[in-house]
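The values are calculated or read from the model by the stated rules, or taken from the named source; none is laboratory data. All figures in this text were calculated on a predicted structure; none of them were measured in a lab. Here Cβ is always computed from backbone atoms with ideal geometry, including for glycine, and neighbour counts include all displayed protein chains. These area figures cover heavy atoms from the full protein model, side chains too; ligands, DNA and RNA do not enter into them. Shrake-Rupley method; radii C 1.70, N 1.55, O 1.52, S 1.80 Å.
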There are 2 protein chains.
Amino acid sequence: MTASDWLHERFEPAGSAIGFRITRKLDEVQSPFQKIEIYESTDWGNVMLIDGAMMVTTRDNFLYHEMMSHPALFTHPDPKQVVIIGGGDCGTLREVLRHPGVERAVQCDIDEQVTRMAEKYFPELCESNDDPRAEILFDDGIAYMANCAPGSLDVVIVDSTDPVGPAEGLFNKAFFESCFRALKDDGILVQQSESPLVLLDLIKAMRAEMGKAGFTSFQTLPFPQPCYPTGWWSCTLARKGQGFEFREADARARPFETLYYTAEIHKGAQSLPPFVAKALGD
Amino acid sequence: MTASDWLHERFEPAGSAIGFRITRKLDEVQSPFQKIEIYESTDWGNVMLIDGAMMVTTRDNFLYHEMMSHPALFTHPDPKQVVIIGGGDCGTLREVLRHPGVERAVQCDIDEQVTRMAEKYFPELCESNDDPRAEILFDDGIAYMANCAPGSLDVVIVDSTDPVGPAEGLFNKAFFESCFRALKDDGILVQQSESPLVLLDLIKAMRAEMGKAGFTSFQTLPFPQPCYPTGWWSCTLARKGQGFEFREADARARPFETLYYTAEIHKGAQSLPPFVAKALGD
């Protein structure tokens, strides 16, 4: 490869592509579950791909990791017990552990190799892995959630790859029933929910499956994410009760720094553009 | 070309690329100013490129056109006289003319061929071209602004290509001085200001040039735009006085439909993420 090579991800479901200019391939491993590749880019730091899909870049991952954690944790009244399904790059775990009230955060990713690659090429994402509150498991997230003690969790974060391959089972009623059972009455489930521009049908279907599992309130929050298809992504919150009470004052007074997340950004994201709200029936 | 062809734009300044799956090339013209190409895509409708840069797709142009017009028009106290520099696809003009209070909207694009292509391949963007309030000129926008009667305009919208080639002269002090002179005391200038993730230096430089021309207040509003590099774009408002008074009640009561713009989206965009605010010194 030369300094002028470009790495593209072609996202077939939406007919769109994204890419980065790269200087060289740093690593590649075929795990029992998927192919993980690491490239060095000219402008985005390191880039991790899983089965050809962009997962993380050094430069823009803060957008996703902040939005996968802080909105849910500042919506739950007092999050102490958190489980992350997937999230092997450890970036979401790091954000969760910024909340001093969190007593235990379990990260359960099926693929140990993702975390090994993150430790090597994205060490900043792994800087909280030794936090005594963190527990890092390499196991099947579906089985883990099915075996969780009922009513034991405050927040479940599903930080998965696209709903094909290993992550397919994280988008259906059976999995959501496990989450529902494991959550306390005021518990919150949050899941990465793909592009709000082109994958509205997927978000709708996901919310329908969550509903069949017993969840009654849903909130989809969009945010920018250049390394994912269309550059616009979302997370979807679900809970058992009615409505979402954003702890706005606590979000404003948060005792840690963020690059993207603020109370105002959180509130802004709660107000969906008309074309999204219409499609989701909000 | 076959049905599986992909069209990529490699954005050299940021080392990132975007692309769409296309079925065929519909047209191409080399105007005296630039090369204009039209492709048919599988999922995004038609796509217009100018000198290899994505300009408009049928599917996602509403994001840009709504955000280039409604925030400025709902910030000005009573916009009647509007000038659009560039904007040859006529999409911004259409949005401006949705405001019943606008008495005259002049669109001045140097390249007639852009409009001819838009009429043919994006007819929905041109549906207000026959509005008696619209005046469509094909002329040099720099000269047009320099010759405008002083204090005659309420809003100037600079809907240009990137600051290279024909649009280069739309990003410097001399041009902004013409805008400043042509605007009334409460007038507002709004300009597309590239990606807030990777081109913060450009936004900063643009605001500095606007400042040298006499503008004293600036507001950069980010929004998603999949067909532009990084999928995240921005417009920047400038005015002579202090601060921006958003006519929120009027935005809520707007007598027209939008797909993206709402009063809440507008307010949300006003609150910049910390990493953007810090870079811009806001």
TODO: Only bridges with both residues in the stretch A:45-175 count here: give the DSSP antiparallel percent, nearest 5.
DONE: 20 percent
Task: Within chain B: Cβ-based charge dipole about Cα centre, in debye rounded to nearest 20 (Lys, Arg +1; Asp, Glu -1) - done: 720 debye
- [ ] Could you list the square roots of 5 times each eigenvalue of the Cα gyration tensor of the stretch B:34-190, that is, the equivalent ellipsoid semi-axes, sorted largest first and rounded to whole Å?
- [x] 25, 18, 13
Task: Vicinal HN-Hα couplings computed from phi for the stretch A:271-280 (Karplus, 6.51 cos²θ - 1.76 cosθ + 1.60; Hz; Gly/Pro x) - done: 9, 6, x, x, 5, 7, 4, 4, 5, 8
TODO: Would you mind telling me the antiparallel percentage of the DSSP bridges in chain B, rounded to 5?
DONE: 65 percent
Task: Neighbourhood charge, 12 Å Cβ-Cβ cut-off, centred on B:ALA279 and excluding it, Lys, Arg +1 and Asp, Glu -1 - done: +1
Open item on the list: I'd like the Karplus ³J(HN,Hα) series for the stretch A:177-193: coefficients 6.51, -1.76, 1.60, θ = phi - 60°, whole numbers in Hz, and an x wherever there's a Gly or Pro.
Closed with: 5, 4, 4, 4, 5, 6, 7, 5, 4, 9, x, 10, 9, 10, 9, 5, 10
Open item on the list: For the interface of A with B, what's the total buried accessible surface in square angstrom, probe 1.4 angstrom, rounded to the nearest hundred?
Closed with: 3200 Å²
TODO: Name the shape class, rounded, prolate or oblate, that the alpha-carbon gyration tensor gives for the stretch A:1-124, where a ≥ b ≥ c are the square roots of its eigenvalues, rounded holds for a/c under 1.5, and otherwise prolate holds if a/b is larger than b/c and oblate otherwise.
DONE: prolate
TODO: With unit charges on the beta carbon (Lys/Arg positive, Asp/Glu negative), name the residue among A:GLY101, A:TYR121, A:GLY91 whose Cα is farthest towards the positive pole of the charge dipole of chain A.
DONE: A:GLY101
Open item on the list: Given a 1.4 angstrom probe, I'd like the percentage of the accessible area of the stretch B:83-174 that is carbon and sulfur, rounded to a whole number.
Closed with: 49 percent
TODO: Largest first and in whole Å, give the semi-axes of the protein assembly as shown's equivalent ellipsoid, each being the square root of 5 times a Cα gyration tensor eigenvalue.
DONE: 42, 26, 21
- [ ] Note the count of lysine pairs whose C-alpha atoms are less than 24 angstrom apart in chain A, limited to pairs 8 or more residues apart or on different chains.
- [x] 22
TODO: For the stretch B:205-233, state which residues have at least 10 Å² less accessible area in the presence of all protein chains than in their chain by itself, taking the probe as 1.4 Å and leaving out ligands, DNA and RNA.
DONE: B:PRO224, B:PRO226, B:THR230, B:GLY231, B:TRP232
Task: Neighbouring partner chain Cβ atoms per residue of B:43-49, average, 10 Å criterion - done: 2
Task: A:ARG247 long-range amide H proximity, modeled H, under 5 Å - done: A:THR75
Task: Mean-position separation - Cα centroids, the stretch A:11-37 and the stretch B:138-186, in angstrom - done: 43 Å
Open item on the list: Quick one: 3J(HN,Hα) in Hz for the stretch B:203-218, Karplus 6.51/-1.76/1.60 with θ = phi - 60°, rounded, Gly and Pro as x.
Closed with: 4, 4, 5, 5, 5, 5, 5, 4, x, 4, 7, x, 5, 10, 10, 9
Task: Neighbour count of at most 14 Cβ within 10 Å plus DSSP loop: longest GluC sites (Glu not before Pro)-free window in chain A - done: A:128-244
Open item on the list: Compute accessible area for the stretch B:238-282 by itself and then with all protein chains, 1.4 Å probe, and report residues whose area falls by 50 Å² or more.
Closed with: B:LEU259, B:SER271, B:PRO274, B:PHE275
Open item on the list: For chain A, take the longest principal axis of its alpha carbons; what is the angle in degrees between that and the long axis of helix A:61-73, to the nearest 10 within 0 to 90?
Closed with: 10 degrees
Open item on the list: What whole-number distance in Å separates the alpha-carbon centres of the stretch A:189-203 and the stretch B:60-105?
Closed with: 31 Å
Task: Global geometry of the stretch B:1-66, whether rounded, prolate or oblate, following the gyration tensor of its Cα atoms and the 1.5 cut on a/c - done: rounded
Task: Residues of the protein assembly as shown: accessible area per residue with a 1.4 Å probe, Å² - done: 35 Å²
Task: Choice from A:PRO123, A:PRO196, A:PRO13 showing the highest fluctuation, given a GNM over chain A with Cα pairs closer than 10 Å - done: A:PRO13
Open item on the list: Suppose every Lys and Arg Cβ carries +1 and every Asp and Glu Cβ carries -1, with no other charges. What dipole size does the stretch B:10-79 come out with about its Cα centre, to the nearest 20 debye?
Closed with: 240 debye
- [ ] Using only the alpha-carbon atoms of the stretch B:117-165, report the extent along each of the three principal axes, biggest first, to the nearest angstrom.
- [x] 35, 32, 17
Task: Semi-axes of the equivalent ellipsoid for chain A, Cα gyration tensor, largest first, Å - done: 28, 21, 19
- [ ] Quick one: dipole size for the protein assembly as shown, taken about the Cα centre, charges +1 on Lys/Arg Cβ and -1 on Asp/Glu Cβ, in debye to the nearest 20.
- [x] 980 debye
